[in-house]
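A.B. asks: Take this structure, written in structure tokens, and hold onto it; I'll ask about it next.
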Amino acid sequence: MDFGNLIQQAAILAIPLLFAITLSEAARGQVAFWLGDKTGWSQGRKSWNPANHISPIETIVMPMVMFFLTNGSFIFGSAKPIPIDYRNLRNHKHGAIWVEMASPIALFVMALVWYLAYTVLAILQVQEPFFLESCKAGVMVCLSLFAFQLLPIPPLAGGRILLFSLPPKYAVQLARIEPWGIWIILALAFMRVLGPLWMIPIRNLCLSVLQLLVTPLIFLFN
């Protein structure tokens, strides 16, 4: 294990990861507010300021520990949850699904922004390694978290989307595994099946979509 290289990688990942974790949570609060729930707003949590959503353990300590324990191959974290009362949402079930979709959508949009930034720097022939590597790290972090969030295991967004989509009798069964969800995810990660079977295929598919979206910009400047 090369700790020097890991520390360098961690420094490059720090800012993209912080923005990805906090702003994807902020997106949930914003969509909940649009759909009628003012709980987060009333507690001062409906904000795009990353500092409002940082949890010292989940946002900082957990990602660092996971990064070093897995030698840089797996990293995840979470922000301080925005309080949302799903009962206040217009069209409760569909509203709840949109709230949970907000986080993955925000992550994909941030990945697109990082990809655009990298493309512009490349077109302008900027050679500063830190900027280029930070943009590449931003793309990969956002796409990795996008794939991670879509896992159909509660409490992740994919699990809750599935939960709100199922008929009540099946939703109740799925809800029972939520307290164990994080342990199931950790077990899959340490068994090294999560990446090859889920994370990598989805991330590569999204990367292809980003390349397709940015291609017109590349043609415009060439």
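A.B. asks: Over the stretch 134-196, what is the relative contact order in percent, taking alpha-carbon pairs closer than 8 angstrom and at least six residues apart?
C.D. replies: Relative contact order comes out at 19 percent.
A.B. asks: Another one. Share of the chain's accessible area from carbon and sulfur, percent, 1.4 Å?
C.D. replies: 70
A.B. asks: Accessible area per residue of the chain at 1.4 Å probe, in Å²?
C.D. replies: Per-residue value: 55 Å².
A.B. asks: Moving to a separate point now. At 222 nm, what value in deg cm²/dmol follows for the chain if DSSP H runs of at least 4 each add -39500 (n - 2.57) and the sum is divided by all its residues, to the nearest 500?
C.D. replies: It lands at -22000 deg cm²/dmol.
A.B. asks: Residue 78's amide H: which non-local residues (gap 5+, or another chain) put their own amide H closer than 5 Å, with H modeled 1.01 Å from N in plane and none for Pro or chain starts?
C.D. replies: 59
A.B. asks: Over the stretch 44-170, what is the relative contact order in whole percent, taking alpha-carbon pairs under 8 Å and six or more residues apart?
C.D. replies: With pairs under 8 Å counted, the relative contact order is 21 percent.
A.B. asks: If you project the alpha carbons of the stretch 6-165 onto the principal axes, what extent comes out on each, in Å, largest first?
C.D. replies: 51, 36, 29
A.B. asks: Then there is this: Round to a whole angstrom and tell me the spacing of the C-alpha centers of the stretch 1-61 and the stretch 145-222.
C.D. replies: Distance between centres, Cα-based: 18 Å.
A.B. asks: Relative contact order for the chain: what percent, with Cα pairs under 8 Å and sequence separation of 6 or more?
C.D. replies: Normalised by residue count, the contact order of the chain is 20 percent.
A.B. asks: Ranked from highest to lowest mean number of other Cβ atoms within 10 Å per residue, what is the order of the peptides 63-70, 188-195?
C.D. replies: The packing order, highest mean first, is 63-70, 188-195.
A.B. asks: Identify all aspartates and glutamates with a Cα-Cα distance to residue 80 below 13 Å; exclude those on the same chain that are fewer than 8 residues away in sequence.
C.D. replies: Of all the aspartates and glutamates, those that pass the test against residue 80 - Cα under 13 Å, at least 8 places apart if same chain - are 25, 58.
The values are calculated or read from the model by the stated rules, or taken from the named source; none is laboratory data. Keep in mind that what you see is a predicted model, and the values were worked out from it rather than measured. When we count neighbours, we look across all protein chains shown, and the Cβ atoms used for this are built from the backbone with ideal geometry, even at glycine. Only protein heavy atoms, including side chains, enter the accessible area calculation; ligands, DNA and RNA are left aside. Shrake-Rupley method; radii C 1.70, N 1.55, O 1.52, S 1.80 Å.
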